[in-house]
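Single-structure report; data block below.
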Amino acid sequence: MKQRTLMTSAATLAAAGLLLSGCASNSGGGGGGDEFPTEDIRLVVPWAAGGSGDLSARTLAPLLEDELGVSVIVENRPGANGSVGYNWLKEQEPDGYNLSMLGAEVATLQFMDYDIKPADYAFLGKILEGPGAIAVKADSPYETLQDLIDAAKAAPGEITYSSPGVGSVWDNPAQGFQEMAGIELTNVPYDGSAPSIAAAAAGDVDFSIDAMGSQKAQVDGGELRYLAVLADERVEEFPDVPTAAEQGVDLQNASFTGLMAPAGTPDDVVQTLSDAIVAATEDEDYQSVIEQSNLVPVSVPAGEFTEFIQAEEERYGPWIELAKSKQG
Amino acid sequence: MSSTDTSGSTTGSTAGSSAGTAERPGDHPEDLVLLKNLPYRLRELIPVAASVGLGITILVLVGGITDRGGDALGPRFWPTMLAWALIGLGVLLVFTNVLRGVRPSDIPEDMNWSGIGRMVATFAVLIGYLLLFNVLQFWLITMVVTVVLLLLYGIRNWKVLVFLPIIIGALLHLLFIVLLKVPL
Amino acid sequence: MIPELLLQLPQLPQLPQLPLPIAATAVTDGIGVVLQWDTLLYIGLGMLVGMLVGAFPGVTATMAVALASGFTLTMDPIQGLAVLLTIYVAAQFGDRVPAILINTPGTPASIATTFDGYPLAKQGKAGLAMTASAFGSAFGMVIGIIVLSLFAIPLAGLARQFGPPEMFALVVFGLTMMIGVSSGRIFKGLVAGAFGLLLATVGRDPITGDQRFTLGILELNGGVPFIPVIIGLFGVAEVLNQMVTHRRNAVQDKPINQLGQWMPDRAMFRRLVKPMGIGAGTGSVVGLVPAVGGDIAGIIAWDNAKRFSKRKDEFGKGSIEGLTSADTSSTATLGGSVTTTMALGVPGDSVMAVLIGSMMIWGIQPGPALFTNDPSLVYTLATILLVATVLSLGLSLVRMKSMVKLLELKNQYLWIIILVFCMVGTYSISNSVFDVFVMLIMGLIGLFMLRFGFPAGPAVLGLILGPLAESNLRRTLIGDGWSGFLTSPIALVLFAISAAALLLPPLRQMRLRRKQALKDKDEGLSVLIP
């Protein structure tokens, strides 16, 4: 940090200039919000460089710089399902200068004996979503979700599905699916999304439950076929694929990425950051990069995002406990 | 198990790496000549102890892994199997290396006390260096560490003491901080 | 100065023999977009970055590609691909340098390089080793590219045949290499291998997610980080060993103080043909299997070359054949790796995982539809790889003399440079102080192993293959039970090859000993028969 004093002062100058010119638009929030970003902001990515989470952070950072007038420095702190980065953030000063990207695991890691709880963080905004889907091999005998459910009812535990790893975002909807449909399936965890989807495309397992966008390559290539979208309405690009709810299982689930700060960050700082994130995610360049990655760009402000995380935590808890009790 | 030739005894102890360079005609089994001196054979008890000890430690620690029962292989299966393999191999090592003799190439160059002292001190310096990552200026601690290590290794040439730290500090700063943007 | 091997392969795609009905325009279009000044400029840029990062232990091609992808997103896709792929290629070449000179593989792909590369350097043959390695790497790359451009699509289909049972069988075959890389100390090699396999179990159970041996350390939930382990076991351990055995007043033991002969002569080249062939064959096949990369391919080829060599005894002690086969094989995987990545959408290795992300932004979706939608892309990729290879080979040969000069420094200076660089390089992988601690601890363990005759090769092999072995075994059992293996012909063949690899050498050794005993008896010598 020390070696950046030069950069910092340069950034401060820049920030001062920007504040002077952009005061009118920013001062509306009141409560000293116009004071906040005077130093560089550190944005930690709790995943390895190069993934879609990393990419979204690096796309967003320059846009946030434009909004906030200070440098936003992206840093990768990967490890242990993201918990290394999350844990690091928890221990930082809640001053708004140390932020982290987050995914759905923040709400679920606690159920896997990690010391990560949503209560330790202040959520700033959701920036993208990846709606889930259930897909089978192209020549699979299952034509509808109901076919799959019937087959699973006829032979409990015989139908297998691949997941990107234990404790992944997609274990939860898989568990929810079994609950809602009253069936029993066998989970075959793989090491990441790509191998798990490829396993379904090769027929090593009966179906894949993952982000629709991640499955898209195999669907376009004629290897996989969507059975159901786990969203509240059909997806524009695939109007023929029904939602799960249409087929009698009211299951909706999406992976998501957002930003957060340590708990205890002052409300006005949270508000400033939230506004900046909303503005940055409405940028066209950002939206096109995210869409190219087969994800859905969204602009959800702090308040709404916090409620959403709480809802996810409540929804997932029982499913995870259930999954744990069934393993063996 | 007949013992005849121990020609490569003490004096040949450093021969390990260099002896192999001699071109051999081909298929003659390597290291047919085993060293029989008692100290060498007793020294081989250390690898045996390491192997068996690690195996037993693992068996103890495996008890702490959640066992979910069921008929599929659980989380305990794989480590348990490996632990028993370690114990079994350790026992085999008693027969091959302790009872039968030691291959000359298994005997390394002698350590010396000043060398061990040098290593311990180096570790202390490096751990101090590591703990100062992100605390002080990276190029500064790198230069200081370089000077300290040079002094520790008995380098008194002032030109080296001045220039090597500057070169290393500057190079690492440029590569990792300026170019690769590593947060240090 | 270009060896005849390379001259024999001048024109890449043999149009009339294409197994697929691809229009000739696809080929010319694909090549044409690369052979433009600006694209070539970007290839040059990528090459400099790749060579630089490759030469520093710990700074991986993955990291360089990930960082560079931040800048290439706004570029034209072809130019972006040119930068990223060239970094990948050049890093392969650059990475061999520390493996040979200071026994420190910067990435797993150069593990097998250390087996013979470092002993050769110690004998004062660093120059020869680096030249042979560079030519081997270039040859491997060319073979890999040929595989990619001719057989991309059918071979990708073969890769899809590798489900959990086949992967497990392949990994078992890989594990039999432990004996080969034990340099004669079979039992100690197996102990080291078991240690590596155990190290791989640290973290979360791959199937149930339970913690194993995490000792309450958060970072260990993600498993033992891999690159810090290899840097510790190979590079740091070697420095520590020099440190504890160094005598202040002794004559300076300067193992590598001259370049030696550096361009192989005709006879040497002839000797290298076989290991290059073995390496190229092994690498192209292994590269096609997703999640298995240059590290394993290098080790398998090294073992294969040893098996077929007339000078087996040299292997592990400074065999130019061993080095060449390992490096040829390790780079030959690139063609296969690019193929599976592009045609299946499954990353062949971590660099490819990063590349997929970038390609999607450019609107290129890797997956089964890729090559049918855009057949010229195969040739574009092949041309980029080929140009990058030729340039990297040239640069490797040119700058080699100065690299070896570095080793004329006093041992003490080298220790400091190696230790400090390894620490910072390791830190930079995931910005983690914990990783550096792992590296230092592994250095101590490596020193122990070195002093007591445990080879490091099997330990690293265990660490790489452990997770693949356990998870694929258990996946098979969850899905199909033990019958999953019996119904897979590929798995059965691989098991048979593994059994042969295990049983043949001891049988052969027994036969040799009997022959030797008879001969010795004739000559009236006493001999030790264990």
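The values are calculated or read from the model by the stated rules, or taken from the named source; none is laboratory data. Since we're looking at a predicted model, the values are computed, not measured. With ideal geometry, Cβ positions are generated from the backbone for all residues, glycine too; neighbour counts draw on all protein chains shown. Heads up: the accessible areas ignore ligands, DNA and RNA and are worked out on the full protein's heavy atoms, side chains in. Shrake-Rupley method; radii C 1.70, N 1.55, O 1.52, S 1.80 Å.
The set of residues in segment A:96-120 being outside any helix (DSSP H, G or I) and open to solvent by less than 10 Å² (accessible area, probe 1.4 Å) consists of A:96, A:99, A:100, A:101, A:102, A:103, A:104, A:116. Within segment B:20-65, the residues that satisfy the criterion of being open to solvent by 70 Å² or more (accessible area, probe 1.4 Å), at pLDDT below 90 and either touching a Gly at 6+ places or on another chain (Cβ under 7 Å) or assigned to a helix (DSSP H, G or I) (or both) are B:38, B:39, B:42. Within the set B:156, B:68, the sole residue that is basic (Lys, Arg), assigned by TED's automatic domain parsing to the domain that holds residue B:45 and outside any helix (DSSP H, G or I) turns out to be B:68. Tally time: how many residues in segment B:113-143 are open to solvent by 20 Å² or more (accessible area, probe 1.4 Å) and outside any helix (DSSP H, G or I)? Looking only at that region, the number is 5. When C:328, C:339 are checked against the criterion of being among the polar types (S, T, N, Q) and either outside the structural domain of residue C:101 (by TED's automatic domain parsing) or over 26 Å from residue A:192 (Cα atoms) (or both), a single residue qualifies: C:328.
Being at the interface with chain A (Cβ under 9 Å from one of its Cβ atoms) and crowded, with 24+ Cβ neighbours inside 10 Å holds for only one residue in C:323, C:334, C:355, and it is C:355.
Of C:156, C:194, all but one fail to be at pLDDT 90 or above, open to solvent by less than 20 Å² (accessible area, probe 1.4 Å), assigned by TED's automatic domain parsing to the domain that holds residue C:346 and of a type in the set (Gly, Ala, Ser); the exception is C:194. Has segment C:197-207 got any residue that is part of a helix (DSSP H, G or I), touching a Lys or Arg at 6+ places or on another chain (Cβ under 8 Å) and either over 24 Å from residue B:49 (Cα atoms) or within 13 Å of chain A (Cβ to nearest Cβ) (or both)? Checking segment C:197-207: not a single residue is part of a helix (DSSP H, G or I), touching a Lys or Arg at 6+ places or on another chain (Cβ under 8 Å) and either over 24 Å from residue B:49 (Cα atoms) or within 13 Å of chain A (Cβ to nearest Cβ) (or both). If you check A:130, A:125 for being more than 14 Å from chain C (Cβ to nearest Cβ) and either crowded, with 21+ Cβ neighbours inside 10 Å or not in a loop (DSSP other than H, G, I, E, B) (or both), only one passes: A:125. Entry remark, segment C:182-191: residues being open to solvent by less than 10 Å² (accessible area, probe 1.4 Å) and either small (Gly, Ala, Ser) or not in a helix (DSSP H, G or I) (or both) number 2 in total. When C:453, C:446 are checked against the criterion of being at pLDDT 85 or above, in a loop (DSSP other than H, G, I, E, B), under 26 Å from residue B:93 (Cα atoms) and within 14 Å of chain B (Cβ to nearest Cβ), C:453 stands alone in meeting it.
For segment C:83-127, which residues satisfy the criterion of being more than 14 Å from every other protein chain (Cβ to nearest Cβ), in a helix (DSSP H, G or I) and of a type in the set (Ser, Thr, Tyr)? C:86, C:110, C:113, listed by residue number. Would you mind stating whether residue C:138 is within 17 Å of residue C:393 (Cα to Cα) and crowded, with 24+ Cβ neighbours inside 10 Å? So residue C:138 passes the test.
If we scan segment C:164-187, do we find a residue that is within 14 Å of chain B (Cβ to nearest Cβ), of a type outside the set (D, E, K, R) and closer than 26 Å to residue C:385 by Cβ? Scanning segment C:164-187 turns up no residue that is within 14 Å of chain B (Cβ to nearest Cβ), of a type outside the set (D, E, K, R) and closer than 26 Å to residue C:385 by Cβ. Across segment C:61-103, the qualifying residues are those that are free of Cβ contacts under 8 Å to residues at least 24 places away in the same chain and open to solvent by 20 Å² or more (accessible area, probe 1.4 Å), and the one among them that is nearest to residue B:176 (Cα to Cα) is C:67. Here C:211, C:242 are screened, and the one residue that is at the interface with another protein chain (Cβ under 10 Å from one of its Cβ atoms), in contact with a Ser or Thr (Cβ under 9 Å, 6 or more places away or on another chain) and at pLDDT 85 or above is C:211. The residues of segment A:137-154 that are in contact with a Leu (Cβ under 8 Å, 6 or more places away or on another chain), of a type in the set (Gly, Ala, Ser) and either open to solvent by 80 Å² or more (accessible area, probe 1.4 Å) or closer than 20 Å to residue A:246 by Cα (or both) amount to a single one, A:152. In the condition set (1) open to solvent by 10 Å² or more (accessible area, probe 1.4 Å); (2) farther than 23 Å from residue A:317 by Cα; (3) within 14 Å of chain C (Cβ to nearest Cβ), residue A:56 is compliant with all but (1).
For (1) at pLDDT 85 or above; (2) touching a Gly at 6+ places or on another chain (Cβ under 9 Å); (3) surrounded by 14 or more Cβ atoms within 10 Å (Cβ to Cβ), each residue gets a yes or a no:
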{"site": "A:4", "(1), (2), (3)": "no, no, yes"}
{"site": "A:14", "(1), (2), (3)": "no, yes, yes"}
{"site": "A:17", "(1), (2), (3)": "no, yes, no"}
{"site": "A:43", "(1), (2), (3)": "yes, no, yes"}
{"site": "A:64", "(1), (2), (3)": "yes, no, yes"}
{"site": "A:69", "(1), (2), (3)": "yes, yes, yes"}
{"site": "A:80", "(1), (2), (3)": "no, yes, yes"}
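Among the residues making up segment B:93-112, a single one is among the aliphatic types (A, V, I, L, M), closer than 22 Å to residue B:54 by Cβ and open to solvent by 70 Å² or more (accessible area, probe 1.4 Å): B:99.
Residues that are of a type in the set (Asp, Glu) and in contact (Cβ under 8 Å) with a residue 24 or more places away in the chain within segment A:231-248 are absent altogether. One residue stands out among those in segment C:480-508 that are in contact with a Ser or Thr (Cβ under 7 Å, 6 or more places away or on another chain) and farther than 12 Å from residue C:168 by Cα: the one that is surrounded by the most Cβ atoms within 10 Å (Cβ to Cβ), which is C:501. Filtering segment A:149-186 to residues that are over 20 Å from residue A:131 (Cα atoms) and either hydroxyl-bearing (Ser, Thr, Tyr) or touching a Ser or Thr at 6+ places or on another chain (Cβ under 9 Å) (or both) leaves A:157, A:158, A:159, A:160, A:185, A:186.
Looking only at segment B:157-178, which residues are open to solvent by 70 Å² or more (accessible area, probe 1.4 Å) and over 16 Å from residue C:64 (Cβ atoms)? Within segment B:157-178, B:157, B:158, B:159, B:163, B:166, B:167, B:171 qualify. Scanning segment B:144-155 for residues that are crowded, with 16+ Cβ neighbours inside 10 Å, more than 7 Å from chain C (Cβ to nearest Cβ) and either without any contact (Cβ under 8 Å) to a residue 24 or more places away in the chain or more than 18 Å from residue C:413 (Cβ to Cβ) (or both) yields B:144, B:147, B:148. Residue C:459 fulfils the conditions (1) open to solvent by less than 10 Å² (accessible area, probe 1.4 Å); (2) facing another protein chain (nearest Cβ under 8 Å); (3) under 27 Å from residue C:206 (Cα atoms) except for a single criterion, (2).
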